[in-house]
Amino acid sequence: MTRDEAKAEIERLSTELEHHNRLYYEQATPEISDHDYDKLFRDLELLEEAHPDLASPNSPTRRVGSDVLDGFDQRDHQVPMLSIDDVFSEEEVGDFFARLEKNLGEMLIPVTIEPKIDGVAAALHYVNGELDYAVTRGDGSRGDVITENVRTIRSVPLRLPADKAPAYLEVRGEIFIPNQGFADMNVEREEAGLPTFANPSNAAAGALKLLDSKEVAKRPLDFIAHGLGRIDGGNLTSVIEFRSLLEQLGIPPNQPFWETDTLDGVLKAIQELDEKRHSLDYGTDGAVIKVDSFEWQNQLGATSRAPRWAAAFKYPPEQKETLLREVTIQVGRTGTLTPVAELEPVFVSGTTVRRATLHNQDEIDRKDVRVGDTVVIEKAGEIIPAVVKVVKDKRPTDSVPFSIYDFVDGKCPSCGSEIEKAEGFVAWKCVNFACPAKAANQVKQFVSRKALDIDGIGNIVAEKLVEREWVTGVLDLFTLEEEALGTFNLGTDDEPRMLGSKNAKKMVTTLEQAKTSPLRRWLFGLGIPQVGESAARELARLHQNFSELAESKILAELRTFKTGQRKEDNEMLAPYEIASEVGPTVAEKVLDYFASEAGQNLLAKLQELGIDPQSDNFAPQPAKAAEGAGGESAAPLAGKTVVITGKLSAPRGDIKEQILSLGGKVTGSISKNTDYLLAGEGGGSKRDKAAALEIPVISEEDLAAMVGG
Ligand code: IVH
């Protein structure tokens, strides 16, 4: 295939895939099978791989995410993104309507009413029909550039139909997570031992903050347009015309939607939306009223905070009384004991509520919640049920205050070991490293991508392995035998589902490889409290292997530090130049872990299995290493801070990893503390800044030469 043919074919496949995307995601009327779709997708991928320079950043293949960013760039809004003034009663709606009439000097003012979507506001900029960039609302005048993340949202067209696209279009709208997607996601997170999100808008905001768009692609984000930022070409005169343009362009407009020119009409629409809103796919706690005519909108103008042509009616949260039958206690991955109110089922804001979290003892005390109480329930953010207060008049005379500690008799409900509450913390915790309630979640952490990255062990496999007691601690994974695993039942006794020999082989093979994974990955995988990825890396820089860690003099010294004491001032520790990720608390947790029964068992078992993970970034004394230049363990980039920009030969994450393993640090933006800017092709603004601050700009080749590679 010639280059020109490839170009034409890429164009043809992209257009066809976009067409099918629209049918699938917007109209829910697919014309081709998933299999045929996948085939087209794969063809496009292959062509783009063969001709990377012909691949558009707006290709349908980019929906799965691309390189990991080091941070978000920021960009000014061309037109500020304002707030909306809230109104809380029919009377206030009347006042708003009267103000419109007075300011415009008109009696009939057509307005539109639509749901207020609970999400994250963003502006999408299309130049000649191509998605050029997307920005969050930020502070209203400046936001984060989140283009890569937005590309993963299926309902956002990456290219608009060529014959209808204006030369420039800025569409504003809300990025959100649909209710069902939110519920599923929280279940998954809970199972994975990750913190759950309080409501869909927090979840959407959390997803958009991720720097790895491949992760974002896994979140069920969606987009609905509700406003026009800028348009060049075409002459739109009203909200209604704008909506019809959106439809033609395949951008989803906000639904349901009402038009009226009377106060009665507005109030009726507000009421109708109230009846419908709980069956909408997204959270809404309000109705937005907008003047339809753009000319009148301009005439009315805006205050510095909000336009005068719009108002948001806020529905009061629905509250119901119900009986608190009992309190149960859940044990999370980190051992936190969470009290849960078990309620007499009650229908609130569209769903039946049976349980509500009571958070912790402080919360129980503050509200004085007791078993047998009649409590008032509402849905926080219309989603998560919460106990608002107790109806004291209906309290049984014999009720007593609820104490978590007394209720569980001071013992973890899962393993029976003693629970503890750390000074200054509100939560009771089970600190037994071997608590089975934590085991499945520990396995999940151990096999996760940033830890030992074991193929074939997902959440379900991890849970079932623990449930069926094939695995009680992470090291048991290494004793699993391929043949037996092949027949491992992932289903139930009634409906068995075998793991299969292919998966079993994959698991055993990657587990075998994991035995020689570097120490930092092992350390992170063990899930020792406070030991995240960065701390694990720093610990592995300071220690060669587990036995050194378990008897670490460095950590023993560090754990004795009092607040305010500096590592640089300590004669013994100064030469190690220990990063801030490893402080007295981490030192304490690590030493405690290795001294505990679980830690001792781990060390013994590792020895038994012949596994002895070694550090791949061992370089404990940077200054000394630099003096003895050329020394074996010298980390060539020790103490150096590098910023990465432009197009490089490998994914950002890999390059970052490489720099870290050479002892360097990678940050997102250039400052006077930056030592080098590693720049590939492009990377304009960072190059300028580096030049201004006289920071050396190096290429990948320079980097390789510097580290002697
Ligand atoms: S119209 C600035 N319509 O609410 C006035 N905004 O509280 C024009 N929002 O930042 C905005 N749903 O992101 C409009 N149907 C809707 C909306 C909506 C949610 C957001 C919007 C704005 C915020 C203001």
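Of note:
- Failed item in (1) more than 8 Å from the ligand (Cβ to nearest atom); (2) farther than 25 Å from residue 261 by Cβ; (3) part of a strand (DSSP E or B), with residue 79 passing the rest: (3)
- Looking at the range 637-709, the helices (runs of 4 or more DSSP H) lying wholly inside it that each contain 2 or more residues that are more than 30 Å from the chain's Cα centre (by Cα) sit at 684-692, 700-706.
- Residues in the range 410-431 that are in contact with a strand residue (DSSP E or B) (Cβ under 8 Å, 6 or more places away or on another chain) and acidic (Asp, Glu) were compared, and the one that is farthest from residue 597 (Cα to Cα) is 420.
- Answer from 272, 295 - the residue that is at pLDDT 95 or above, part of a helix (DSSP H, G or I), in contact with a strand residue (DSSP E or B) (Cβ under 8 Å, 6 or more places away or on another chain) and more than 11 Å from the ligand (Cβ to nearest atom): 272
- Among the candidates 229, 173, residue that is surrounded by 16 or more Cβ atoms within 10 Å (Cβ to Cβ), within 16 Å of the ligand (Cβ to nearest atom), over 24 Å from residue 277 (Cβ atoms) and at pLDDT 90 or above: 229
- The strands (runs of 3 or more DSSP E) found entirely in the range 105-145 that carry 3 or more residues being closer than 28 Å to residue 277 by Cα, more than 22 Å from the chain's Cα centre (by Cα) and not hydrophobic (A, V, I, L, M, F, W, C) are 111-116.
- Among residues of the range 647-664, those that are touching a strand residue (DSSP E or B) at 6+ places or on another chain (Cβ under 9 Å) and either buried (at least 17 other Cβ atoms within 10 Å of the Cβ) or farther than 27 Å from residue 52 by Cβ (or both), counted: 7
- Residue within the range 246-255 that is within 11 Å of the ligand (Cβ to nearest atom), within 22 Å of residue 83 (Cα to Cα), surrounded by fewer than 17 Cβ atoms within 10 Å (Cβ to Cβ) and in contact (Cβ under 8 Å) with a residue 40 or more places away in the chain present: yes
- Filtering the range 139-162 to residues that are under 26 Å from residue 668 (Cα atoms) and within 16 Å of the ligand (Cβ to nearest atom) leaves 139, 140, 141, 142, 143, 144, 146, 150, 153.
- The range 275-292 - residue that is part of a loop (DSSP other than H, G, I, E, B) and of a type in the set (D, E, K, R) and, of those, farthest from residue 111 (Cα to Cα): 281
- Some residue of the range 264-278 being surrounded by fewer than 18 Cβ atoms within 10 Å (Cβ to Cβ), out of contact with any Asp or Glu (no Cβ under 8 Å at 6 or more places or on another chain), under 15 Å from residue 172 (Cα atoms) and not polar (S, T, N, Q): no
- For the range 230-244, a residue qualifies if it is free of Cβ contacts under 8 Å to residues at least 60 places away in the same chain and not hydroxyl-bearing (Ser, Thr, Tyr), and the qualifying residues are 235, 236, 241, 242, 243.
- Checked across the range 474-488, the condition of being closer than 27 Å to residue 590 by Cα, β-branched (Val, Ile, Thr), touching a residue at least 24 places away in the same chain (Cβ under 8 Å) and not in a helix (DSSP H, G or I) holds for no residue.
For every residue, the table says whether it meets (1) hydrophobic (A, V, I, L, M, F, W, C); (2) farther than 28 Å from residue 639 by Cβ; (3) touching a Pro at 6+ places or on another chain (Cβ under 7 Å); (4) surrounded by 17 or more Cβ atoms within 10 Å (Cβ to Cβ).
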{"position": "561", "(1), (2), (3), (4)": "yes, no, yes, yes"}
{"position": "565", "(1), (2), (3), (4)": "no, no, no, no"}
{"position": "570", "(1), (2), (3), (4)": "no, no, no, no"}
{"position": "573", "(1), (2), (3), (4)": "yes, no, no, yes"}
{"position": "580", "(1), (2), (3), (4)": "no, no, no, no"}
{"position": "584", "(1), (2), (3), (4)": "no, no, no, yes"}
{"position": "599", "(1), (2), (3), (4)": "no, yes, no, yes"}
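- For the range 57-75, the criterion of being within 16 Å of the ligand (Cβ to nearest atom), surrounded by fewer than 18 Cβ atoms within 10 Å (Cβ to Cβ) and closer than 24 Å to residue 227 by Cα is met by no residue.
- If you check 183, 207, 165 for being away from the ligand (no atom under 16 Å from the Cβ), under 25 Å from residue 138 (Cβ atoms) and among the aliphatic types (A, V, I, L, M), only one passes: 207.
The values are calculated or read from the model by the stated rules, or taken from the named source; none is laboratory data. What you see is a predicted model; the values in this text were computed from it and never measured. All Cβ positions, even for glycine, are placed from backbone atoms using ideal geometry, and neighbour counts span all protein chains on display.
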